[in-house]
Amino acid sequence: QVQLVESGGGLVQAGGSLRLSCAASGSIFSINSMGWYRQAPGKQRELVAGITRRGETNYADSVKGRFTISRDNAKNTVYLQMNSLKPEDTAVYYCNFLPYQGRYWGQGTQVTVSS
């Protein structure tokens with residue numbers, strides 16, 4: 001049974017930075033593409049960034065140049081470095097496979113950016 005556990009969220013002022021982590025149990029992590037997703041109040045969940053098993057990355061236009069996704073296959077962990085945060089980045093952030101698999105949604109981690 002694979003579990004994905006997000007951490008690292010918090011309250012930060014606009015312009016600040018946070019680093020999110022997603023620890024995965026199970027051996028399938030290293031052979032799968034992973035993604036960071038977010039859901040703001042009243043909005044649909046959206047893909048923010050993705051990374052293949054080889055380390056190729058892609059980003060939503062809204063975060064390009066500010067967020068960096070990375071992974072450490074030896075640690076079964078994927079990261080999201082978020083810089084120059086904006087109030088519109090406020091959301092619950094989740095990690096999942098890419099494409100996502102519904103049964104693996106975790107609790108997420110709340111990111112709140114104050115203006």
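What the table shows:
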item: Filter pass, residue 37 being touching a residue at least 40 places away in the same chain (Cβ under 8 Å) and at negative phi; result: yes
item: Neighbours by Cβ (under 6 Å, 6+ apart or cross-chain): first from segment 59-78, at pLDDT below 95; second outside any strand (DSSP E or B); result: 73/30; 76/29
item: Residues of segment 41-69 that turn out to be part of a strand (DSSP E or B) and crowded, with 16+ Cβ neighbours inside 10 Å, as a count; result: 9
item: Some residue of segment 46-58 being touching a Phe, Trp or Tyr at 6+ places or on another chain (Cβ under 6 Å) and of a type in the set (D, E, K, R); result: no
item: Filter pass, residue 100 being open to solvent by 40 Å² or more (accessible area, probe 1.4 Å), of a type in the set (Phe, Trp, Tyr) and at negative phi; result: yes
item: Residue selected from segment 22-41 under the condition at pLDDT 95 or above and out of contact with any Leu (no Cβ under 8 Å at 6 or more places or on another chain), by the criterion nearest to residue 90 (Cα to Cα); result: 40
item: Any hit, segment 7-22, residues being in a loop (DSSP other than H, G, I, E, B) and surrounded by fewer than 13 Cβ atoms within 10 Å (Cβ to Cβ); result: yes
item: Residues of segment 80-97 satisfying the condition of being surrounded by fewer than 19 Cβ atoms within 10 Å (Cβ to Cβ) and assigned to a strand (DSSP E or B); result: 81, 92, 97
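The values are calculated or read from the model by the stated rules, or taken from the named source; none is laboratory data. These numbers were taken from a predicted model, which means no experiment stands behind them. FYI the Cβ positions are ideal-geometry reconstructions off the backbone, even for glycines, and counts take in every protein chain you see. For accessibility, only protein heavy atoms count, side chains too; no ligands or nucleic acids. Shrake-Rupley method; radii C 1.70, N 1.55, O 1.52, S 1.80 Å.
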